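Visitor: Just passing along the structure, written as structure tokens.
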Amino acid sequence: MEYEIHATRDGAYGPVDYTTPLPGGLTFADMLAATRAAADTTGWPATLIDDEGEPVLTIESDIMVFDRAPCPV
């Protein structure tokens, strides 16, 4: 199974979407932790995507970012 994380980070000209593939052999708890880390690192929501391209879950950042409004998701 090839899972990946879709997330957003701040770029020079605004938000930039990016994808991070996850290595095989991770437990679901490891995938959740990686998704949480991506959200907290960027301050934007991160989504875990399964091997068929379907979203599994989206995790909001626990980090408060003061220069933009909170995500309405």
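The values are calculated or read from the model by the stated rules, or taken from the named source; none is laboratory data. No experiment lies behind these values; they were computed from the predicted model shown. All Cβ positions, glycine included, derive from the backbone under ideal geometry; neighbour counts span all protein chains shown. Areas reflect the complete protein model, heavy atoms only, side chains present, ligands, DNA and RNA absent. Shrake-Rupley method; radii C 1.70, N 1.55, O 1.52, S 1.80 Å.
Visitor: Return only the number of the condition from (1) surrounded by 15 or more Cβ atoms within 10 Å (Cβ to Cβ); (2) more than 9 Å from the chain's Cα centre (by Cα); (3) modelled with pLDDT under 90 that LEU22 does not satisfy.
Guide: With respect to (1) surrounded by 15 or more Cβ atoms within 10 Å (Cβ to Cβ); (2) more than 9 Å from the chain's Cα centre (by Cα); (3) modelled with pLDDT under 90, LEU22 is out only on (3).
Visitor: Taking THR58 as the residue in question, decide whether it is open to solvent by 60 Å² or more (accessible area, probe 1.4 Å), part of a strand (DSSP E or B) and at pLDDT 90 or above.
Guide: yes
Visitor: Taking the condition surrounded by 12 or more Cβ atoms within 10 Å (Cβ to Cβ) and in contact with a Ser or Thr (Cβ under 7 Å, 6 or more places away or on another chain), does LEU48 pass?
Guide: Considered against the rule, which asks whether it is surrounded by 12 or more Cβ atoms within 10 Å (Cβ to Cβ) and in contact with a Ser or Thr (Cβ under 7 Å, 6 or more places away or on another chain), LEU48 comes out as yes.
Visitor: Pull up the stretch 25-45, narrow it to residues that are at pLDDT below 90 and either in contact with a Phe, Trp or Tyr (Cβ under 9 Å, 6 or more places away or on another chain) or polar (S, T, N, Q) (or both), then point me to the one that is surrounded by the fewest Cβ atoms within 10 Å (Cβ to Cβ).
Guide: THR41
Visitor: Follow-up. Enumerate the pairs (first residue in the stretch 3-16 and assigned to a strand (DSSP E or B); second residue anywhere and surrounded by fewer than 17 Cβ atoms within 10 Å (Cβ to Cβ) and acidic (Asp, Glu)) with beta-carbon separation below 7 Å, excluding pairs fewer than 6 apart on the same chain, so at least 6 apart or on different chains.
Guide: What qualifies is HIS6/ASP17; THR8/ASP17.
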